[in-house]
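The values are calculated or read from the model by the stated rules, or taken from the named source; none is laboratory data. On a predicted model such as this, the values are computed, not experimentally measured, just so you know. Cβ placement follows ideal geometry from the backbone for every residue including glycine, while neighbour counts extend to all protein chains displayed. For accessibility, only protein heavy atoms count, side chains too; no ligands or nucleic acids. Shrake-Rupley method; radii C 1.70, N 1.55, O 1.52, S 1.80 Å.
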Amino acid sequence: MNMFTLSAKSCMSHLLLKDTFDKFSFIEGEITTFNKFTLDGFLHKDFFDEKPKRDYAYWREVRDFCFGIIKGKRTPLNFKIILSLAPENFGAFLEEHRLGSFSPEDITGLYLNFHYDGAILQCITGISMRTFCMDKSLEKEWDAYVGNFFKKSEIEREK
């Protein structure tokens, strides 16, 4: 687990206006403006004619909705948005980072927990495994990946 304090302006631009996070799964969110809006990213598969193989919406599918809640003259009082690397990308992540002792089936989520308290925007990384594991190499690689992802995407960090 690692905590990044990010430039709210820079990060919000990437979250709401650009496709930077579009391929991530949207797990859940809560946005407080004049009201508290709670969003669950879990897909209700019965809604679809062709049943999706995934369990969660992609961020790109809810991004505009969240932007509609947030946009305006005033910033939100607070929000939290939880994203995860999409499960179909777990295998490539493990292979790219030479984490052969893990399998994609071992992983429940590789998370980005964005939290804004009205002044400071933070992103806390986290992982979730299906079983207990003493090996912290996956967690360390995920933390490093996220730091590099922010840098490569030019998401500014606060000092």
message: 5 Å is the cut-off here: which amide hydrogens, built 1.01 Å from N in the peptide plane, fall below it relative to Leu121, excluding neighbours closer than 5 in sequence?
response: Leu6, Ala8
- prompt: What's the center-to-center distance, using Cα atoms, between segment 8-77 and segment 89-109 in Å?
  reply: 25 Å
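Set the Förster radius R0 to 30 Å, insert the Cβ-Cβ distance between His97 and Asp117 as r into 1/(1 + (r/R0)^6), and round the FRET efficiency to 0.05.
Numbers: r = 32 Å, r/R0 = 1.06.
Once rounded, the FRET efficiency stands at 0.40.
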message: Considering only protein heavy atoms and a probe of 1.4 Å, how much of the accessible area of the chain is carbon and sulfur, as a whole percent?
response: 52 percent
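Per residue, how large is the accessible surface of segment 29-159? Use a 1.4 angstrom probe and give square angstrom. Let's see the in-between values first.
Values: 8590 Å² over 131 residues.
For segment 29-159, the per-residue accessible area is 66 Å².
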query: Going highest first, how would you order 151-158, 62-69, 22-29 by mean Cβ packing within 10 Å?
result: 22-29, 62-69, 151-158
query: Cα gyration tensor of segment 1-118, axes a ≥ b ≥ c as square roots of the eigenvalues: rounded (a/c below 1.5), prolate (a/b > b/c) or oblate?
result: oblate
